[in-house]
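**Q** Just dropping this structure here.
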Amino acid sequence: MNLEKFWLSSSKYSAFKMCRLKFKNMYLTGKKGEFTGDSSTYSLNKFLLSSYLEYHQKNHGLFFKAPNFIKGLTNRLADNNLNKDEFESAKSLIEGYITEMEGRSLKLLEANKTLFYNDKEIKIVVKLDMYIESKTGKKSVVIFKTTNNYDIPENLYYDFEPQLIKFVVEDNPEIKPDYLEIFYLKFNQFIKLDFNKIDSSKVKEVILDMYSEIDKEYLNPTAGPYCDWCDYQTDCPEWKDDKYPEIPFKYRKDKTRYSFSRLSTYLQCPFKYKKLYLDKVPQLPQGFFSIGTTIHAVMESIYSKPQAPDLENLNRLYDKFWVPLGYSSPEEMKEYYDSGKQWLELYYNNFIRNQEWVKAIAVEKYFEIPIGNYFTIGFIDRIHPHKDGTVEVMDYKTNPEMKTTEEVSKDLQLTLYQYVLEKLGYKVSGLSLLFMRFGEKVSVLKNKDDLKTFEEFFIESVQKAESEKEYKPKINEYCKNCQFKPECPLFGKEPEQLKLV
Ligand code: SF4
Ligand code: SF4
């Protein structure tokens with residue numbers, strides 16, 4: 001593929017990470033898609049963005065009172081295809097934004113500034129929504145985000161977009177920021193990153209890796225919840241054999257879809273569920289999540305290839321996918337890092353070395369299927385094919401404890417996977433948990449009655465979640481590591497109970 005004229009941007013990179021087929025259609029072949037996006041959300045975002053920029057440009061460093069500006073916008077709000085609720089929410093977002101800006105009294109140095117980086121190997125373009133100076137003389141580059149979630153600084157330092165911005169800004173000496181500020185439009189939230197702390201040293205390597213994958217044409221579709229707003233869904237191979245033609249895509253889109261973790265969070269503790277899934281408070285990184293992410297990424301990478309990896313290759317992937325987030329100290333991180341390497345070696349000795357290599361039918365397989373009147377979504381770590389045409393589910397666990405066959409047979413997540421795969425036409429002959437710390441596999445299989453019971457349980461639980469009004473906290477085995485403990489009413493009132501957990 002000729003990448004000579006290819007200008008990389010952060011949105012192109014995130015499209016590549018999300019789904020390579022979509023990336024190819026959008027940016028390499030320029031294939032036309034069918035617009036499936038939510039047009040009113042799109043207009044709301046566009047409207048907010050243009051209003052904020054207009055506010056700063058008109059204001060240009062002077063106070064510009066919110067009510068006057070809002071008055072001027074009101075007619076245009078009505079012209080923008082927004083329904084009453086969207087109109088009201090846009091109005092209050094704009095008011096909130098301007099109130100915050102008045103408090104900050106900033107000076108707009110540049111708006112809509114485009115910067116370039118160009119060397120013999122890569123070309124990058126980044127767009128800065130604003131370059132501002134505060135009353136203390138500190139400067140920030142600002143980018144606006146229209147996403148449905150916001151994120152916390154710890155994760156954002158690790159994210160590729162800030163690193164890419166820093167990489168390009170450093171090559172453009174006229175912009176010298178102290179901060180990178182990310183503004184989440186829908187939450188009226190500014191997240192401020194110290195520009196000096198952003199590590200851009202790996203940017204070029206990551207981009208060259210991406211180019212080499214493009215050269216090898218590793219550009220297959222990867223389905224996920226984002227398929228909802230993909231303009232190429234109509235003829236995407238992942239959605240071609242539409243499994244549920246009787247339930248139109250549009251209908252599915254409007255439903256809340258319950259992943260296993262969403263539902264089990266509700267059952268564990270409605271208070272935590274509300275925080276995470278309704279208020280969309282970002283989940284704080286924790287070491288045991290990070291090591292799990294790393295191990296899953298290594299497994300995903302090896303089982304999507306036709307040849308077995310050697311141990312060296314496995315270690316290289318481990319370093320590539322290492323997530324250094326959420327560890328309480330450098331010592332704890334080092335301990336996890338070393339342990340993770342040992343688990344992979346154990347896995348290699350027990351499941352790869354001297355064994356026939358079998359590429360997976362699918363890794364991180366996304367599913368979205370109805371159960372009763374509701375929908376479930378999720379990802380299955382690996383679907384392993386057997387010679388008799390049946391499949392086995394492989395699910396990686398990095399838990400510190402092993403489980404017995406009896407315990408695994410009660411695992412509802414595995415039951416869900418069998419339920420889903422059978423609905424999708426697979427014949428399932430095994431549900432296996434791979435305990436990475438122990439190099440052990442425990443397998444079970446469910447019968448028709450188990451699946452029926454699961455179906456009823458799922459429907460009842462979703463009905464409960466949907467009719468929930470109070471979202472009371474509920475003590476459970478995960479309270480110990482719960483990020484909402486400081487604000488949890490139960491914890492505040494009855495710390496003694498939590499000590500028992
Ligand atoms: S529908 Fe999903 S899998 Fe298909 S191209 Fe779009 S994002 Fe990729
Ligand atoms: S500490 Fe326990 S009870 Fe409180 S919010 Fe967290 S999980 Fe719920």
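The values are calculated or read from the model by the stated rules, or taken from the named source; none is laboratory data. What you see is a predicted model; the values in this text were computed from it and never measured. Please note: Cβ atoms are built from the backbone with ideal geometry, for glycine as well, and neighbour counts cover all protein chains shown.
**Q** From (1) over 24 Å from Ile377 (Cβ atoms); (2) more than 16 Å from ligand 2 (Cβ to nearest atom); (3) surrounded by 13 or more Cβ atoms within 10 Å (Cβ to Cβ), pick out the condition that doesn't hold for Leu490.
**A** (2)
**Q** With respect to His56, is the statement that it is at pLDDT below 70, in the same structural domain as Gly137 (by TED's automatic domain parsing) and more than 16 Å from ligand 2 (Cβ to nearest atom) true?
**A** no
**Q** Do you know which residues across region 107-145 are within 28 Å of Trp322 (Cα to Cα) and either part of a strand (DSSP E or B) or of a type in the set (Val, Ile, Thr) (or both)?
**A** Matches in region 107-145: Tyr117, Ile122, Lys123, Ile124, Val125, Val126, Ile143, Lys145.
**Q** Would you tally the residues in region 450-478 being outside any loop (DSSP other than H, G, I, E, B) and either within 16 Å of ligand 1 (Cβ to nearest atom) or free of Cβ contacts under 8 Å to residues at least 24 places away in the same chain (or both)?
**A** 6
**Q** Has region 227-234 got any residue that is within 22 Å of Trp7 (Cα to Cα) and exposed (fewer than 13 other Cβ atoms within 10 Å of the Cβ)?
**A** no
**Q** Here is a list: Leu344, Leu325. Which entry is of a type in the set (A, V, I, L, M), assigned to a loop (DSSP other than H, G, I, E, B) and not assigned by TED's automatic domain parsing to the domain that holds Tyr158?
**A** Residue meeting the stated conditions: Leu325.
**Q** Got at least one residue in region 360-379 being over 24 Å from Leu263 (Cβ atoms) and touching a residue at least 40 places away in the same chain (Cβ under 8 Å)?
**A** yes
**Q** How many residues are under 21 Å from Lys410 (Cα atoms), within 16 Å of ligand 2 (Cβ to nearest atom) and among the hydroxyl-bearing types (Ser, Thr, Tyr) if we restrict to region 440-478?
**A** 1
**Q** Give the residue, chosen from Lys305, Lys334, that is out of contact with any Pro (no Cβ under 7 Å at 6 or more places or on another chain), among the charged types (D, E, K, R) and under 21 Å from Ile361 (Cα atoms).
**A** Lys305
**Q** Among the residues of region 177-199 satisfying the criterion of being in a helix (DSSP H, G or I) and out of contact with any helix residue (DSSP H, G or I) (no Cβ under 7 Å at 6 or more places or on another chain), which is modelled with the lowest pLDDT?
**A** Across region 177-199, the extreme among qualifying residues is Lys186.
**Q** Further question on the same structure: If you check every pair at least six apart or on different chains, which have Cβ atoms under 7 Å apart with a residue in region 259-277 that is outside the structural domain of Pro370 (by TED's automatic domain parsing) first and a residue that is within 16 Å of ligand 1 (Cβ to nearest atom) second?
**A** Ser259/Ile377; Ser259/Gly378; Phe260/Gly378
**Q** Take the conditions among the aromatic types (Phe, Trp, Tyr), away from ligand 1 (no atom under 16 Å from the Cβ) and part of a helix (DSSP H, G or I) and apply them to Phe438. Does it pass?
**A** It is false that Phe438 is among the aromatic types (Phe, Trp, Tyr), away from ligand 1 (no atom under 16 Å from the Cβ) and part of a helix (DSSP H, G or I).
**Q** Further, regarding this structure: If a residue has to be hydroxyl-bearing (Ser, Thr, Tyr) and assigned to a helix (DSSP H, G or I) to count, how many in region 253-276 make the cut?
**A** Total satisfying the criteria: 5.
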